[in-house]
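Below: the structure, in structure tokens.
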Amino acid sequence: MQENTKTILKETEKLSQLKTDMLVLIDTVVDSSRQVKLIDHETLFERFAQRAASTEIPEVDELVQEADTNIDAVLYREEGQSQQVVKFRSKKEMKAHADEVPTQKAQREVFSRREVIQNLLAGNVASVMAAAKATDASQTDEPTTGASREITRALFDEVLQRVLEGDYGVAKLESWDKVTYYHYRPLLSASYARILSAENNPIEQMVDMVRESSRVYPRPVVLGMFEEPPFGFTPEELQDMLQHIAKDQDKQDIRYTTSSLGTVFLYSNKYLEDGYADFLAEEQDVGAVMNP
């Protein structure tokens with residue numbers, strides 16, 4: 001644990017009310033991302049208000065102990081022992097014993113949880129510390145229990161702002177139809193979150209994926225990828241979607257190219273020049289065959 005965290009642990013027995021609310025909001029986003037779902041702004045407020053109203057301020061040492069215990073549980077580590085490294089002789093053997101080793105997702109969750117706790121305690125965001133002191137100063141000597149608290153929009157906005165300003169893993173994105181969503185990055189990546197944000201419009205989902213791949217990596221996208229999860233489009237649906245895209249004036253940047261092996265790729269010429277897209281598609285397709 002970091003030295004500044006140790007110092008705070010000696011001086012503080014409970015979290016501040018603000019930091020407790022921040023933890024409630026973070027956990028609310030985590031719950032959705034754990035289910036591979038986004039949470040929209042209004043739903044986040046409603047769930048936060050319900051949980052924050054009944055959450056009591058926790059003891060700091062209990063939070064730290066819980067985070068460490070969860071890590072030990074995921075790593076199957078007894079006190080004083082190091083993590084056991086499990087090796088398998090084949091993928092078949094690894095799959096058969098999948099339940100015996102911690103998943104990467106489970107590890108990410110428990111380690112990121114400890115990091116969230118450490119960041120809250122360390123107060124590495126100066127504005128959070130100042131706001132926490134101001135909040136504590138306005139409270140009575142007896143901590144307010146959750147049942148009697150009024151959770152206002154203003155309080156929610158303040159807590160959300162502090163969480164987004166700090167390094168707590170919560171990310172914000174706006175969908176194609178201007179809906180604001182949130183997700184927890186250690187459990188749900190930004191690229192996957194964008195896919196989920198366009199579930200209600202398959203065409204926008206495809207276009208966004210193609211543009212992001214061309215802009216970020218950069219590389220074209222194999223058309224057949226959209227037949228696989230999380231898309232699951234049929235060949236007939238893909239053909240209909242491509243026809244709609246071709247007729248939409250706002251999507252004229254979406255182009256296709258075909259490798260010498262006959263594989264169709266999609267790309268955006270906003271970010272990839274046509275000739276370079278041709279080269280990347282050929283390299284991606286033929287190169288994979290030549291170097292399995």
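The values are calculated or read from the model by the stated rules, or taken from the named source; none is laboratory data. None of the values given here were measured: they were computed from a predicted structure. Glycine also receives a Cβ, built like all others from the backbone with ideal geometry; neighbour counts cover every protein chain displayed.
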Go through (1) assigned by TED's automatic domain parsing to the domain that holds Phe279; (2) over 19 Å from Glu273 (Cα atoms) for Tyr184 and report which single condition fails. (1)
Matching residues in region 186-220 - criterion: being free of Cβ contacts under 8 Å to residues at least 60 places away in the same chain and in a loop (DSSP other than H, G, I, E, B): Ser189, Ala198, Glu199, Asn200, Asn201, Tyr217
Residues being closer than 22 Å to Leu272 by Cβ and not in a helix (DSSP H, G or I) - total across region 229-244: 1
Taking helices (runs of 4 or more DSSP H) that do not extend beyond region 37-100, which have at least 2 residues that are modelled with pLDDT of 90 or more? 41-52, 60-74
Answer yes if at least one residue in region 230-239 is in contact with a helix residue (DSSP H, G or I) (Cβ under 8 Å, 6 or more places away or on another chain), of a type in the set (D, E, K, R) and closer than 21 Å to Asp285 by Cα, and no otherwise. no
Residue count, region 271-292, condition charged (D, E, K, R), out of contact with any strand residue (DSSP E or B) (no Cβ under 7 Å at 6 or more places or on another chain) and surrounded by 12 or more Cβ atoms within 10 Å (Cβ to Cβ), comes to 3
Among the residues of region 202-243, which ones are within 20 Å of the chain's Cα centre (by Cα) and of a type in the set (Asp, Glu)? Asp208, Glu212
Take the residues of region 1-36 that are of a type in the set (Lys, Arg) and surrounded by fewer than 16 Cβ atoms within 10 Å (Cβ to Cβ): which is modelled with the highest pLDDT? Arg34
Residue check for Thr135: at pLDDT below 90, of a type in the set (Val, Ile, Thr), in contact with a helix residue (DSSP H, G or I) (Cβ under 9 Å, 6 or more places away or on another chain) and outside any helix (DSSP H, G or I): no
Residue selected from region 178-200 under the condition in contact with an Asp or Glu (Cβ under 7 Å, 6 or more places away or on another chain) and over 27 Å from Gln107 (Cα atoms), by the criterion modelled with the lowest pLDDT: Ala198
Would you check which residues across region 245-270 are assigned to a helix (DSSP H, G or I) and either exposed (fewer than 11 other Cβ atoms within 10 Å of the Cβ) or touching a helix residue (DSSP H, G or I) at 6+ places or on another chain (Cβ under 6 Å) (or both) and list them? Ile245, Lys247, Gln249, Asp250, Lys251
Looking at Leu261 and the list (1) touching a residue at least 40 places away in the same chain (Cβ under 8 Å); (2) touching an Asp or Glu at 6+ places or on another chain (Cβ under 6 Å), which single condition is not satisfied? (1)
So Leu160, is it outside the structural domain of Phe111 (by TED's automatic domain parsing) and within 30 Å of Ala53 (Cβ to Cβ): no
